[in-house]
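Data first, discussion second: the structure below is written as structure tokens.
The values are calculated or read from the model by the stated rules, or taken from the named source; none is laboratory data. The structure displayed is predicted, hence computed values, not measured ones. With ideal geometry, Cβ positions are generated from the backbone for all residues, glycine too; neighbour counts draw on all protein chains shown.
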Amino acid sequence: MKEIHVSEITKTVKKLCIDANYYLTEDIRARLKEARSNENFAIAQNILDVLMENADIAKNEARPMCQDTGMAVVFLEIGQEVHVVGGSLEDAINEGVRRGYTEGYLRKSVVDDPIERINTKDNTPAIIYYDIIPGDTFKVTVAPKGFGSENMSQIKMLKPSDGIEGVKDFVLKVVKEAGPNPCPPIVVGIGIGGTFDKAAFLAKKALLRSTNERNSKPFYAELEKELLGTINDLGIGPQGFGGRTTALAVNVETYGTHIAGLPVAVNINCHATRHGEAHL
Amino acid sequence: MSKRITMPLTKEKIEDLEAGDSVLLTGTIYTARDAAHKRLVELLAEGKDLPFDVEDQAIYYVGPTPAKEGQPIGSAGPTTSYRMDAYTPQLLEKGLKGMIGKGMRSGEVIEAMKTFGAVYFGAIGGAAALTAKCVKSAEVIAYEDLGAEAIRKLYVEELPLVVVIDAKGNNYYKIGQQEYLETQR
């Protein structure tokens, strides 16, 4: 049985927290460049230039791209042949977040209780999802999630009769209502199916997929392309000042659901859609 | 062409600003976001003085990242403004003239801006590393216990902003999007 020591996990989570906040991923950089060349509205062109310059400054000076360095969302894919040794896995992850946010000069944006609201001063607790899979892989993904965009996300329990048109209408409604608030251009994660909670999880997970890849099912790949087009026809534009580029990508994830339901969750992310992964 | 504006924001300067104007702002401004606003408004309710005089001043809605050694401030872009809407009219009544953030404002805030003559500026959300370069000094002046949410006095040079809502209530989010959509017809 493959053994992984918790100290390795802590070290990896720490590095992923810092890197995701400092370095824009290559696929998003490519999307921004494409958007800039397709944009013909002056203020929108200017803002896309500023966002690319901001990414360069963050990279060259090793500083966060955004002041909201997010709540750390951690996804683990753990092979069932793997044995984690040396302590608690959950503690190891939170220790990685603690060190990443402290040593990486990241903002501590987490409170201990949603009503009392005392800052924990180390950005813990992380949000952790565990997925047990066959084999002996151990994959960690860290996605620091800012709340400017998180607050604009919505979920709706549609009826089966609402169908695909109901899904499209709901997505457009959410993006319209968000308007300038989530710092467009945005990346839209959509979860369709499952249960109330599963749809929300799928929407979050959709944001981890590279914007270079479309959904593996042709029907949903088409839906992603169509929604990207209709969202960009809204005219909200970068920062909400008007323009073509309201979204850089739309990623859809789906799951089986109940005969009585059609849950749809829309998780909005800012242009940076920060995330990073590592295999141990 | 950007308009160069220096703090404080007098009535004449406010009247000269129109929705859609690009502005480079220089001078002293103050930071405050959710938790600090809550405390400021509680002080007003108790009839007490605020930690700084808001008359003709501007508040920047920001919670910066910690500064590395030798830097005045960490990354410092705007947070979403609507969360401050519940508290804003009371500060405008006290003479606050400028707000810097991103995103929409409530009808109540816009009415109070028209009544008391104030401007809402948008900073570029997501460009926090670049924005930080305009901040030349930063000093916590109140609520240090709030960490990133403490009130800081900033000196900024040529902070790039857009007038989103002017003192007449014109809203550039509406105007800009309409202008763009007209180019597509």
_It is to be established whether one or more residues within the range A:154-172 are part of a helix (DSSP H, G or I), buried (at least 18 other Cβ atoms within 10 Å of the Cβ) and either hydroxyl-bearing (Ser, Thr, Tyr) or out of contact with any helix residue (DSSP H, G or I) (no Cβ under 9 Å at 6 or more places or on another chain) (or both)._
no
*Scan the range A:264-275 and report the pairs whose first residue is farther than 14 Å from residue A:181 by Cα and whose second residue is buried (at least 24 other Cβ atoms within 10 Å of the Cβ) and modelled with pLDDT under 95, with Cβ atoms within less than 8 Å and a gap of 6+ or a chain change.*
A:272/B:126
*Could you please tell me which pairs satisfy a Cβ distance under 7 Å, a separation of 6+ or placement on different chains, a first residue in the range B:78-105 that is more than 27 Å from residue A:185 (Cβ to Cβ), and a second residue that is at pLDDT below 95?*
none
*Can residue A:34 be described as surrounded by fewer than 19 Cβ atoms within 10 Å (Cβ to Cβ), in contact with a His (Cβ under 8 Å, 6 or more places away or on another chain) and either of a type outside the set (A, V, I, L, M) or assigned to a loop (DSSP other than H, G, I, E, B) (or both)?*
no
*asked:* Looking at the structure I just gave you, is residue A:90 in contact (Cβ under 8 Å) with a residue 40 or more places away in the chain, surrounded by fewer than 18 Cβ atoms within 10 Å (Cβ to Cβ) and on the phi < 0 side of the Ramachandran plot?
replied: no
*Considering B:43, B:146, B:50, B:159, which residue is farther than 20 Å from residue A:272 by Cβ and under 12 Å from the mean Cα position of the chain (by Cα)?*
B:159
_Is it the case, given these coordinates, that residue A:132 is touching a strand residue (DSSP E or B) at 6+ places or on another chain (Cβ under 7 Å), within 29 Å of residue A:82 (Cβ to Cβ) and not in a loop (DSSP other than H, G, I, E, B)?_
yes
*Test residue B:96 against the criterion of being in a loop (DSSP other than H, G, I, E, B) and under 24 Å from residue B:3 (Cα atoms), and give yes or no.*
yes
_Residue that is nearest to the other protein chains (Cβ to nearest Cβ) [pool: residues in the range B:145-157 that are more than 13 Å from residue B:64 (Cα to Cα) and at pLDDT 95 or above]_ = B:156
*Do you know which residues across the range A:209-218 are without any contact (Cβ under 8 Å) to a residue 24 or more places away in the chain and surrounded by 13 or more Cβ atoms within 10 Å (Cβ to Cβ)?*
A:214
_Among the listed residues B:39, B:83, B:33, identify the single one that is within 14 Å of chain A (Cβ to nearest Cβ) and over 20 Å from residue B:122 (Cβ atoms)._
B:39
*Would you be able to say whether some residue in the range A:6-19 is part of a helix (DSSP H, G or I), within 14 Å of chain B (Cβ to nearest Cβ) and surrounded by 19 or more Cβ atoms within 10 Å (Cβ to Cβ)?*
yes
*Is it true that residue A:40 is over 20 Å from residue A:251 (Cβ atoms), not in a loop (DSSP other than H, G, I, E, B) and not hydrophobic (A, V, I, L, M, F, W, C)?*
no
*Select, from A:178, A:221, A:206, A:199, the only residue that is free of Cβ contacts under 8 Å to residues at least 12 places away in the same chain, of a type in the set (A, V, I, L, M, F, W, C) and assigned by TED's automatic domain parsing to the domain that holds residue A:271.*
A:221
_Checking the conditions here, which among A:44, A:30, A:62 is closer than 19 Å to residue A:182 by Cβ and either touching a strand residue (DSSP E or B) at 6+ places or on another chain (Cβ under 7 Å) or touching a residue at least 24 places away in the same chain (Cβ under 8 Å) (or both)?_
A:44
*Is it the case that some residue within the range A:241-254 is in a strand (DSSP E or B) and of a type in the set (Ser, Thr, Tyr)?*
yes
_Taking the condition of being at the interface with another protein chain (Cβ under 7 Å from one of its Cβ atoms) and either in contact (Cβ under 8 Å) with a residue 40 or more places away in the chain or over 25 Å from residue A:51 (Cβ atoms) (or both), how many residues in the range B:67-77 meet it?_
4
*Based on what the data block shows, is residue A:4 aliphatic (A, V, I, L, M), on the phi < 0 side of the Ramachandran plot and over 22 Å from the mean Cα position of the chain (by Cα)?*
yes
*Name, by its number, the condition in (1) away from chain B (no Cβ under 14 Å); (2) within 20 Å of the chain's Cα centre (by Cα); (3) surrounded by fewer than 21 Cβ atoms within 10 Å (Cβ to Cβ) that does not hold for residue A:143.*
(3)
